[in-house]
Amino acid sequence: MDSSASPAAAAATPAAAADRYTYSPRLRWQPQVEEYFAAAYGRDRFARISEALAMVESKHMKGVLWCIRPHALHYDSQPDQSIKEVIVSRKCAESVLRGAQVYIPGVLACSSHVEKGDKVAVSVAIEQPAEDGGWTVDTHYEERKGLYIGQGITAMSRSGIFRVPHGVAVEMTERVYKLPSFNDVLEGEIFLQNLPSVVAARVLDPQPGERILDMCAAPGGKTTAIAILMKDQGEIIALDRSHNKVMDILKLAAEMDLNCIKAYKLDALKSVRKTNDAKYIGEAGSRTDAIVTLAENSEPCINKVDAGITNASEDSSTTSVVHTDNKRPDDKRYVSKADLRKNLRRMRNGPGRNNCSGGRVENSKGFLPNSFDRVLLDAPCSALGLRPRLFAGEETLESLRSHATYQRRMFDQAVKLVRSGGVIVYSTCTINPGENEALVRYALDKYKFLSLGSQHPKIGGPGIVGSFELSTKKYTEEWLTEHESQLVQRFDPSSSLDTIGFFIAKFDVQILASHCATWHYQDPDYLS
């Protein structure tokens, strides 16, 4: 699709505008996934959940609740004039619905003759079924009916929008959701979180002086909440495999003046220190020698590049860039404009997951078994509970199962790291029972010394009972018993709480007389 193409059809007449210029999205799913969720929830309940997922959830803060509902907007136009529009991508629209402006990379198309300062309607182009069975994005006029997310004032002309690579394209003046922005508000004093995330930290019930592990900690909201509950006394180890995300955790902890948080760069799947790296000393019940932070000293990953002022003309094929290297300060080289643009994009968007943005973080080789009092595993997931979500067709049963497999491997690590008598809290932000109830079933069946613990506060509803078998009988999934379902918390987006979809399970690790330090090494999965 030509990104600079205007909408395919003229705008609607004023008589039809009332029906057209609304926000009434319909969430699309793969047929097998829809069958799976309908079996778990029942068709009516799943339809309500799908409808709720496309809306923005209410916002909760201490003493404050914003109940957010879409409201009607009036897209004024003259009888002889069409309404000027800017069409944005789905991801851009989801950000706008949460309070963002429209940035240039998110613009797909724009009406003709749009000038800077024009009032425009903002609509979203969502993936539609394609003839080959896949999905395609189409900016056709009819496909956008009921997908208007607000209106704003253009920050530049149509030609400017498709000429420059970055910047604000439309400053939103009205949105279908009147969502207040908390950007830079009381920085270091407040951190906005979803209600279930706050509940997850409280369910962990951290105590002052304990040693806590947050296995997938970025961006640090739950980590800092745990530190506050501990009165900043004890030690919290926060992990993430991204250098930049670890920097974000450290920055947030510093802003909130929390000193008990130590953040390390480490893949959660490698959280347990291998036996050939260190000898294990002592009993599992004695934490005197078991509590060891195994962080390796690493050099700061800093690449300093000074982009020199160039005299290259706009149409030149190469331009001079001065590259400063500590080891070779006199080194200079010529790079193409394409490389220069790539470097500028990297400076603008960040270096990406595999590169550091400057600043020092410590790497870790992992931690000894039984060395944490409590472990929080807020696992990476399909995120099918996050709102607003305008499309879900990319998920298949196979992709949902791959998420579940990944989470089980992480949970296995958490079990090895928690001490006897400790606690594991597992949480996700998805409605998928395969990543929630099925994980609990796996944990209880594999680790007989684990049991579901009671949760406080208990705000969410019960878990899902039963099992699922695909119509082809090639896939079966076991969920919870009636008793077990009452011990977990499931936050339903369609419930009166109006939260994101979320799941919390709390596991108590039994204290056994025979539960010595060596049981971890006898686990064949650990030795492999």
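The values are calculated or read from the model by the stated rules, or taken from the named source; none is laboratory data. Since the model is a prediction, treat every value here as computed from it, not as a measurement. Positions of Cβ are generated from backbone atoms using ideal geometry, with glycine treated the same way; all protein chains shown enter the neighbour counts. With ligands, DNA and RNA removed, areas are computed over all heavy atoms of the protein, side chains included. Shrake-Rupley method; radii C 1.70, N 1.55, O 1.52, S 1.80 Å.
Among the listed pairs Lys262/Lys365; Lys222/Lys506; Lys222/Lys365; Lys448/Lys474, those with a Cα-Cα distance over 26 Å are Lys448/Lys474. On the range 98-164, 48 percent of the accessible area sits on carbon and sulfur atoms, based on a 1.4 Å probe.
Among the protein heavy atoms, those of Leu497 account for about 60 Å² of accessible surface (1.4 Å probe, every chain in place). Binning all Cα-Cα separations of the range 184-257 at 10 Å, short to long from zero, yields these whole-percent fractions: 20, 55, 25, 0.
Excluding Leu480 itself, calculate the net charge of residues whose Cβ lies under 13 Å from the Cβ of Leu480, where each Lys or Arg counts +1 and each Asp or Glu counts -1. Spelling it out: positives minus negatives among the neighbours equals -4.
Taking a spot 7 Å from the Cα of Ile153 along the direction of its beta carbon, which residues of the range 81-124 have an amide N less than 15 Å from it? Only 102, 115-121 fall inside the zone, counting backbone N under 15 Å. Ranking Asp248, Asp267 by solvent-accessible area of protein heavy atoms (1.4 Å probe, all protein chains present), from largest to smallest, gives Asp248, Asp267.
The modelled label-to-label distance between Lys274 and Glu469, using points 7 Å beyond Cα along the C-beta direction, is 4.3 nm. The protection proxy used here, the mean number of other Cβ atoms lying within 10 Å of each residue, ranks peptides 427-439, 196-208 as follows, highest first: 427-439, 196-208.
Full extension of the chain segment joining Glu131 with Leu229 gains 29.9 nm, where the gain is 0.36 nm per residue of separation less the Cα-Cα distance. Accessible area per residue for the range 356-472, computed on protein heavy atoms with a 1.4 Å probe, is 30 Å².
Taking 0.36 nm per residue of sequence separation and removing the Cα-Cα distance, the Tyr442/Arg408 pair yields an extension gain of 11.4 nm.
Close amide H partners of Val124, meaning residues 5 or more places away or on another chain with modelled amide H under 5 Å apart, are Val88, Ile149. Stretching the chain fully between Asp138 and Arg360 yields a gain of 75.5 nm (0.36 nm per residue, less the alpha carbon separation).
Accessible area ranking (1.4 Å probe, heavy atoms, ligands and nucleic acids excluded), largest first, for Lys274, Lys506, Lys474: Lys474, Lys274, Lys506.
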